[in-house]
Amino acid sequence: MTPDQPSRFQSAQGIAKMSKHYFFSENPAEPKVSIDARFEVHVLLTHGFSLLSFASLTDVFDTVKLMNPLSEVQVRVLSANGEEVFARSGRRVAPDGALEISQCARGGGAGPDLFVVCSGPEMGQSEQRAMLSVVRHCRRASVPVCVMGSAVRAVAMSGHISRGTDHWTRIPANNEMATQVEFSNAIFVEDSNITCCSGELGAMDFALDWVSSRVSANVSAQIRNYLLVSSARSANRTQTCTVADTYKGAPKRLQIIINMMIQNLEEPLSTSTLAESVGLSTRQVERLFALHLSTSPLRFYRARQLEHAKILVEDTNMSMTEIAIACGFSSQSRFARVFRKQYGVSASALRSASSPHAHTNLPGHLCVLGGDNSMEQSGGGRDAFDV
């Protein structure tokens, strides 16, 4: 190395200085912020994981190091057996190593400061056993854990949490499968040392929040600026893709009726009951649906029940009779006929096609709006479903 050639350490200092200037000194009069981040994150991937969730999470942590290369930030990507993992999109990711319970030991400061499970719509039994074993170890060692994907249901059904969240497409199924857990439509929910995350871009919201508490709120804000994120959603913010949110532009009383329908799928309310709850006549409610949704209240209600049924078929192991009852059908045979007519395939065939052994499939959510001739209309003057 010549006298004019900078050492590796000096080069790193220069990069750090430039990074600080780029991130923190748009106005030369503003004080520079010192970043002294030291943390290690382990991310367990299982087959079918979301690349968006994975990248949203790890890019936040990687940006901390980009801002100051001298920061001691390490992100280790793991798989259950150390082999490549297939993302939902079919892309392959080579992990840094295999999952080991001993990696979560915190004795003498060793082990991760955060353990994240980024899983697909289903987990194999061996993957689930290994993951739950590490979660139990992390709980004993007070290591924070974040789970997303099918790992949410796994920790819920194993009794590790009493409240949580998941991607909005999976919450209905979770409510049926883990009745002891209170699921909310939040971006992420913390319960003791376990945080359930909705995944997708919600993973970035969680990571930004974690950096804010672990490093500083200022650093978290500067990461948002670099990643072109205008604001981070807090844990108590609701997810924005629910059926109710789809109709926020509708009149207030129509929104109330829609919310009541969604909350009463198992025992559907009559149109007259819905109308009375918002101070309207049945005919006025029918006109609201025709004007804003181009359908009738009955057909709209039935579409929501079938959407819910489709999620339960694809995302749970509930029997068809249990699904029929949970979705407001008085018999399994009636449910089977209506389901096949709506989706062009039987519920059992759809479940087989959605199996992870067949192909990786995202839990479906088909929103059927007005003018759908496949929905059966009720007979003259009837005010309840013919179920």
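The values are calculated or read from the model by the stated rules, or taken from the named source; none is laboratory data. The structure presented is a predicted model; accordingly, all values stated were derived computationally and were not measured. We place every Cβ from the backbone using ideal geometry, glycine too, and count neighbours over all the protein chains shown. Surface areas here come from the heavy atoms of the whole protein model, side chains and all, with no ligands, DNA or RNA. Shrake-Rupley method; radii C 1.70, N 1.55, O 1.52, S 1.80 Å.
So here's what we get for this one:
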{"read-out": "Count of segment 48-62 residues which are more than 16 Å from the chain's Cα centre (by Cα) and open to solvent by less than 10 Å² (accessible area, probe 1.4 Å)", "value": "2"}
{"read-out": "Sole exception among (1) closer than 10 Å to His42 by Cβ; (2) open to solvent by 60 Å² or more (accessible area, probe 1.4 Å); (3) at pLDDT 95 or above for Val117, by number", "value": "(2)"}
{"read-out": "Count - residues of segment 304-346 that are assigned to a loop (DSSP other than H, G, I, E, B) and buried (at least 20 other Cβ atoms within 10 Å of the Cβ)", "value": "4"}
{"read-out": "Only one of Ser162, Ser192, Ser184 that is closer than 21 Å to Phe115 by Cβ, modelled with pLDDT under 95 and open to solvent by 20 Å² or more (accessible area, probe 1.4 Å)", "value": "Ser192"}
{"read-out": "Odd one out for His160 among (1) under 29 Å from Ser89 (Cα atoms); (2) touching a helix residue (DSSP H, G or I) at 6+ places or on another chain (Cβ under 9 Å); (3) not aliphatic (A, V, I, L, M)", "value": "(1)"}
{"read-out": "Any chance Pro144 is over 23 Å from Arg237 (Cα atoms) and surrounded by 14 or more Cβ atoms within 10 Å (Cβ to Cβ)", "value": "no"}
{"read-out": "Test: residue in segment 276-299 that is surrounded by 22 or more Cβ atoms within 10 Å (Cβ to Cβ), modelled with pLDDT under 95 and of a type in the set (Gly, Ala, Ser)", "value": "no"}
{"read-out": "Residue list for segment 165-181, filter: without any contact (Cβ under 8 Å) to a residue 40 or more places away in the chain, in a helix (DSSP H, G or I) and open to solvent by 10 Å² or more (accessible area, probe 1.4 Å)", "value": "Ile171, Asn175"}
{"read-out": "Residue check, Gly279 part of a loop (DSSP other than H, G, I, E, B), on the phi > 0 side of the Ramachandran plot, of a type in the set (Gly, Ala, Ser) and touching a Ser or Thr at 6+ places or on another chain (Cβ under 6 Å)", "value": "no"}
{"read-out": "Count - residues of segment 120-162 that are farther than 21 Å from Glu40 by Cβ, among the hydroxyl-bearing types (Ser, Thr, Tyr) and not in a helix (DSSP H, G or I)", "value": "2"}
{"read-out": "Output for segment 78-114, where each listed residue is modelled with pLDDT under 90 and on the phi > 0 side of the Ramachandran plot", "value": "Gly108, Gly109, Gly111"}
{"read-out": "Cross-chain or 6+ apart pairs with Cβ under 6 Å, segment 70-91 first and within 12 Å of Phe49 (Cβ to Cβ), then open to solvent by 40 Å² or more (accessible area, probe 1.4 Å) and among the polar types (S, T, N, Q)", "value": "Arg88/Thr360"}
{"read-out": "Failed item, numbered, when Val243 is tested on (1) modelled with pLDDT under 90; (2) open to solvent by 40 Å² or more (accessible area, probe 1.4 Å)", "value": "(2)"}
{"read-out": "Residue in segment 198-205 that is assigned to a helix (DSSP H, G or I), open to solvent by less than 50 Å² (accessible area, probe 1.4 Å), over 24 Å from Gly111 (Cβ atoms) and among the charged types (D, E, K, R) present", "value": "yes"}
